[in-house]
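Have a look at the structure below before the remarks.
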Amino acid sequence: MRMDRTLAWACALCAAAVAQVKYEDILAGPGANWLTYAGSYSGQRHSPLRQITAANAGSLVPKWTFHIPKANGLRTSPIVYQGMMYVTDSNTMYALDARTGRLVWEYRDTRAKKTGVNRGAAILGDNVYFVTADVHLVALDRRTGAVRWQTKYGEIDKGLFSTAAPLIAKDKVIVGVAGGDTGMRGYVAAINAHTGEELWRTYTIPAKGEPGSETWSDLHDWGGAATWLSGTFDPELNLLYWPTGNPWPDFYGGNRAGDNLYSCSVLALDLDTGKMKWYFQFTPHDTHDWDAQAWPVLVDLPYQGKPRKLMLYGNRNGFYYVLDRVTGQFLHATKLVDNVDWASGIDANGRPVLVPGKDPTPGGTRACPGVMGATNWPSPSFNPATGLLYIMTLEQCDVYTSSAKEPEPAKGFSGGGVGRSKEEPGQYVLRALEPTTGKRVWEYRMNGPVSAWPGTVSTAGGVIFSADDDGHLLALDARTGKVLWRYQMGEVIAASPITYAVDGKQYVSIASATAVWSFGLFEPQPPMSPPPVRVVR
Amino acid sequence: MKSLIWMRLAAGASLAAGALVAADVHKPKTPHPAIGDPEAIEAGRKLFSAGCAGCHGLTGEGGRGPKLRDSGMWHSLDDEALFKTIKFGIPNTEMPGSNQPDEKVWQMTAFVKALGSPAIEAPPPGDLRRGEELFWGKGGCGGCHGLRGKGGKYGPDLTNAGGLRSAGFLRESIIDPDADATEAWRKVTLALHEGGVREGLLRNRNNFSVQLQDAQGEIHLVPASRIKSVTLAKSSPMPADYRQRLDRKEIDDLVAFLSRQSVRPAESALARAGR
């Protein structure tokens, strides 16, 4: 009888029509909501919110902190929809009240076969999506955390695991695979957002006999080119732009003669079929682990007097690139960091002009950039008002050694190693670049222990948010790079910030090593008494 | 070269984008053969009944000694630590050491482990088809609980019930919904300062905000500044009379069905044996 009453009550609670997240909502870009890892398909990570300005950023205060149990080195970039925030850690997703940080629900896959970092969630309809470390895509009900479906899209015994935030493009969830430093074969896959069915899969290393396979010796099945990060998307061209990882073994190329296509590249893939329309390889036959795991930022700007669809790409190999994203044509490159010595420049075809003697050797070879790269996974941002690209860079050199040992997949072998001089620890520098030339407009040098990797978010309020390698969240003037505000978070920061609004108030959120934080402008709090609670039978 | 900090790591690229992950990858140890073995668990059950159940209860429900099932306490013990606790006891407490050879201690360890294992790994016997019929029919479970996108949203989703909860927990939740003392999922009514009420199921609350879920499953995040008063049901909206609604065999079948609801397949020898 009680069940009948319960159902009757439930049916009486008829709520207003439920607002689902539509593809068009993501297409519209960020506003109060932040619906995809980079905020928009362009990867510009720029928000039109302007409540926080250069004039008032000095009065930012922390609003809440949510500690994630057992977290260690969070990389998650939150997404926010209608006041609910979704953050991820290894095999776990949390839904939080974005105004208070209160937990609404959590989903924990306790039986996953691996643990590892996770970069974030995606949202479409009533589903939120994330990947488990052991290569499952999970669709959860955004409201309740209920499992809608779970799809395995890769095998861990093939050296794979997963770290990236999925990307929603129309009705597809685009996912990738990690693991390129110990042997695996990378790919990008599209999965039906409603059913979990895999629709296409494009490998980042051609199979034997396919065009491009001649750029490898016999490592087609284990040569790496992982897809650690998600990519960006041009809806008009219907093209996904996906970065690929380094070839394996990382530091020894003797058993993989050739350019090793399509490692260290950006791939332009047709959304409907996965077919590669073009590719651009930044570092042919890489031997320094300079994968292309950075964000392809899409902008429409005049280039040499003509409007052009461009792709901006700060690369780990030390160079900054401008490509035509319709055709993949190389347009321009310049040094992203000062410390680049393995190539004297980039030629007219976009190929590095090599400096001899910079390959790793058994005894060690000093080369710049260092193994962490001139930039890496932290998100750059582009502010249309200032016309500047903001990108975290690292000035560093390393000593690279190699080993000609026969490569054995999934045994932790990477073909060598890396050492670093105590006298040359390196330095993080946040740089603002003129996008079509790469010319530096301002830079902010950091002086911490050179252990971090924070990204950036740009706002229409003229404020850039990022962090330094000493645990500070920073607000910087988008035009000048002056520090407007700082907050010591007490932990290493290796994630990218976002901004969102709830109830007309703008927030900035970022993950530190073990917690998710949200900041907003100071508001005096009026005295309050908690509402009375009556417990009834 | 003296001035170099060498980082010849197993994965030399461990400072690279994703390779930081490689060091985090969990590699489980190979368990003792008794863990998950149906015969060892059955032998362990008999030993447990004779030597341990007096304090811990026949199914680990607790009594004079702590609850061993879903207690959260021994979850932090790995197999080795659990074995040592059973073999040597806990000094200065009433928990004595077992006077048994290692083989038998491992059998008891396997049994205690199975008590709190996810149900899918130690699934109880039962008629699964009948259990499914009960879930969607006579039991009325699907009216409130969801399974893989079907069913209701007025109670916890059960798609991964067997992958998360032990069979004992599932059984207890059916026959005594209030055994789990959490407030979540109870009916809550908020009287608002602006007038009117908002009703739903409680997901979370403190003195400064309430998060509730309405009949459509939608979440409402309500700050305390809008709330005049909170009325919270004392007990779970789930019926408490399943002992009367269903007979013992039907409850067994329902638990057996729920035990097999998992987003991942079973892996233990026990589950593979079809028990």
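Computed values, structure above
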quantity	calculated
Nearest-ten-degree value, helix A:2-12 long axis tilted from longest Cα axis of chain A	80
Sum of side-chain charges, A:Tyr500 neighbourhood, beta-carbon under 14 Å (Lys, Arg +1; Asp, Glu -1)	+2
Largest-first ellipsoid semi-axes for chain A, taking √(5λ) over the Cα gyration tensor eigenvalues, angstrom	38, 28, 22
Average projection area in nm² (convex hull over Cα atoms of the range A:213-316, one quarter of hull surface)	7.2
Three principal axis lengths of the range A:307-413 [C-alpha, angstrom, descending]	50, 29, 28
Globularity ratio of the range A:41-105, using Cα Rg and 2.2 N^0.38 Å	1.31
Nearby aspartates and glutamates by direct alpha-carbon distance to B:Lys228 (threshold 17 angstrom, same-chain neighbours under 8 apart not counted)	B:Glu194, B:Glu199
Cross-link table B:Lys113/B:Lys249; A:Lys70/A:Lys358; A:Lys158/A:Lys277; A:Lys275/A:Lys411, entries beyond 30 Å C-alpha to C-alpha	A:Lys70/A:Lys358; A:Lys275/A:Lys411
Prolate/oblate/rounded call for the range B:127-209, Cα gyration tensor, a/c under 1.5 rounded	prolate
At R0 = 45 Å, FRET efficiency that the Cβ-Cβ distance of B:Ser235 and A:Glu236 yields, to 0.05	0.20
Debye intensity ratio I(q)/I(0), log10, the range A:403-537, q values 0.12 Å⁻¹ (C-alpha model)	-0.67
Cleavage-rule hits, trypsin sites (Lys or Arg not before Pro), the range B:175-256, DSSP coil, Cβ neighbours within 10 Å at most 13	B:Lys234
Chain A: calculated mean residue ellipticity at 222 nm from DSSP helix runs of at least 4, using -39500 (n - 2.57)	-1000 deg cm²/dmol
Computed over the range B:164-205: relative contact order in percent, which uses C-alpha pairs under 8 Å that are six or more apart	30
Dmax and Rg, reported as Rg then Dmax, of the range B:83-225 (C-alpha, Å)	21.4, 70
Between the range A:442-520 and the range A:41-104, the Cα center-to-center distance that results, in Å	11
All lysines inside 21 Å of A:Lys22 as judged from Cα atoms, apart from same-chain residues fewer than 8 positions distant	A:Lys170, A:Lys172
Zone of A:Gln329's modelled label, taken as backbone nitrogen in the range A:225-266 under 16 Å from a point 7 Å along Cα→Cβ	none
Sequence-distant aspartates and glutamates (8 or more away, or on other chains) whose Cα lies within less than 14 Å of A:Lys113	A:Asp134, A:Glu155, A:Asp157, B:Asp24, B:Glu267
Model label zone, A:Ser529; criterion: amide N under 12 Å from point 7 Å along Cα-to-beta-carbon; scope the range B:189-217	none
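No lab work stands behind these numbers, since they all come straight from the coordinates. Being a predicted model, the structure only gives us computed values, none of them experimental. Quick reminder, even Gly has a Cβ in these numbers, built from the backbone with ideal geometry, and neighbours come from all protein chains shown.
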